[in-house]
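Derivation of every value follows stated rules applied to the coordinates shown; laboratory data play no part. None of these values were measured; they are calculated from a predicted model. No Cβ is skipped: glycine too gets one built from the backbone with ideal geometry, and neighbour counts run over all protein chains shown.
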Amino acid sequence: MSADLTTGPVSTRLRRQAMPMAMGLVAFISFDAVDLFFVSKLGDKPLAAISFTFPVIWLISSIIIGFEAGAASCISRAVGKNDTQSARRQTTDTAALAGIVSLILCVVGLLTINPLFRLLGATDELLPLVHDYMGIWYWSAPASAITWTCLASIRARGNSMLEGKIIALAALLNAVLDPVLIFGLFGFPQLGIAGAALATLLSSGLVMVGTLVYLHVNLRIFATPFTALANVLDSWRQMLQVGLPAMLTNAIVPVSNGVAVAMIAGYGVDAVAGYGIAIRIEPLALIAFYALSAVTSPFMGQNFSAGKIDRLEEARRVIGRFCTIYGMCIALLLAILARPITGLFTDTAAIQQVAVEYLWIMVISYGSYGIVMAICAAFNGVGYPIPGLIISISRAVIVFLPLAFLGRWLIGLNGIFIAAAVSNILIAVFGYLWLGRNIRRVKNGLGPGLHRRGVV
């Protein structure tokens, strides 16, 4: 079930862990793209409405990713020390807490649909469509939180193949259910945009149940839930030391994206719809980077706990080299394919033009964004998440937002996109140098474990 990431060539280990994860993420990220594709067939208004939901969905997803990051960090370090009982305790308690918090967020979200989406710029004409979608989608959050936290615990043990398969299954279920529920095929009622949300809810729920049963019956990775409350609270405390900063790290991005959506809304519904198309296509280009960051955390965690600091430095170099080369390849590919791909989602020229221009501008920074993601994951993996939080805040708030306001004033809509690309490049350089400095400090005699005193 697990793999030792502290031996073998670093580049080979990262590649073998990342490849099955990438294949699963292709399927999972297509989740959103499939939703968008079918919803786009309903017209421009449903397309714009679903585009307004992205920052909120990303915000909740970022909180879930925080639980995932906390679980992956704690469990990988426990595995590096051969502490099986701690790994099982963290798996159980983190999944439970993720489910509880996500359920609370679900209820809060349902009660605040109108004020929240008005704040993001949704018009009264679009709000009923937003209600139809989010009124169902919110209920999928607890299922997703539990599933992703459990999958992170598997990845922390060095097994990304199983996670990739489960993710692919979830995406397949969603792809099958989407057209059936949206358009009312095979005798089912035609639900429109609500059908897309219901497909997400059903696929997430079914996969959660199947995952829990399989992990408990076949792999036995859970500890007993019947333990002293003090044990559970201690488990939560350890996880949240990484999880809370990781949540903030990831939540900063959708908050700044929400501001960006509000700014883009000033250019009309077509601009929002075009932006919505582009940011659903974008993750498909970033899949390799998502996969790399997902496996970087357990790799760093296991090797750090085992005291193999040279492997951390080598991993940093491998990450920088891969992101730079792959980023250039993706930039060339999207420069050619941006227009035909966006044309699959809309026939409206104004909408497509916004999407194309966004992708043409942003592609120059995708390699840098990959470095940013992997560096944050590396800091989380060794149990020192504060640098990742600082990097994320710096990118989204200190650099991007001022540049976005300046770019909008000087250039217009594309100025916002240019600001995002410049932010990725600047912060990638900053984060890469910071990680290298901290690894060298440990290597020069400070030793493993001193990250708790602010060294790494």
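When peptides 203-210, 162-169, 118-125 are sorted by average Cβ neighbour count within 10 Å, with the highest value leading, the order is 162-169, 203-210, 118-125. Summing Cβ point charges (Lys, Arg +1; Asp, Glu -1) relative to the Cα centre of the stretch 303-456 gives a dipole of roughly 760 debye. When a/c is below 1.5 the answer is rounded, else prolate if a/b is larger than b/c, else oblate, so apply that to the chain with a ≥ b ≥ c taken from the square roots of the Cα gyration tensor eigenvalues. Judged from the Cα gyration tensor, the chain comes out oblate (a/c at least 1.5, b/c at or above a/b). Whole-Hz Karplus values for the stretch 194-202 come out as 5, x, 5, 5, 5, 4, 5, 4, 5 Hz, taken residue by residue from phi with 6.51 cos²θ - 1.76 cosθ + 1.60 and θ = phi - 60°; glycine and proline positions read x. Extending 7 Å from the Cα toward the beta-carbon at both R339 and V108 defines two label points whose distance is 4.5 nm.
For the chain, build the charge dipole from Cβ charges (+1 Lys, Arg; -1 Asp, Glu) around the Cα centre, then report which of T211, S423, A306 sits farthest towards its positive end. So the residue furthest toward the plus end is A306.
Would you calculate a helix-derived [θ] at 222 nm for the chain, using -39,500 (n - 2.57) for each DSSP H run of n ≥ 4 and dividing by the full residue count, to the nearest 500? Walk me through the numbers on the way to the answer.
Working: 18 runs with 359 residues, N = 456.
Estimated from H runs of four or more residues: -27000 deg cm²/dmol.
Sorting the segments 414-422, 401-409, 276-284 by their mean number of nearby beta carbons within 10 angstrom, highest to lowest, gives 276-284, 414-422, 401-409. Packing order of peptides 241-252, 319-330, highest average first: 241-252, 319-330 (average count of other Cβ atoms within 10 Å over each peptide's residues).
Please report the relative contact order for the chain, taking Cα pairs under 8 Å with a sequence separation of at least 6, and give it as a percent rounded to a whole number. Walk me through the intermediate numbers first.
Values: 759 pairs, mean separation 109.0, N = 456.
Rounded, it is 24 percent for the chain.
Magnitude of the Cβ-charge dipole of the chain, K/R +1 and D/E -1, about the Cα centre, nearest 20 debye?
Working: 30 positive and 20 negative charges, 387 e Å.
In total the dipole reaches around 1860 debye.
Think of the chain as a dipole: +1 on every Lys or Arg Cβ, -1 on every Asp or Glu Cβ, centred on the Cα centre; then among A48, Q85, Q352, Q85 lies furthest on the positive end.
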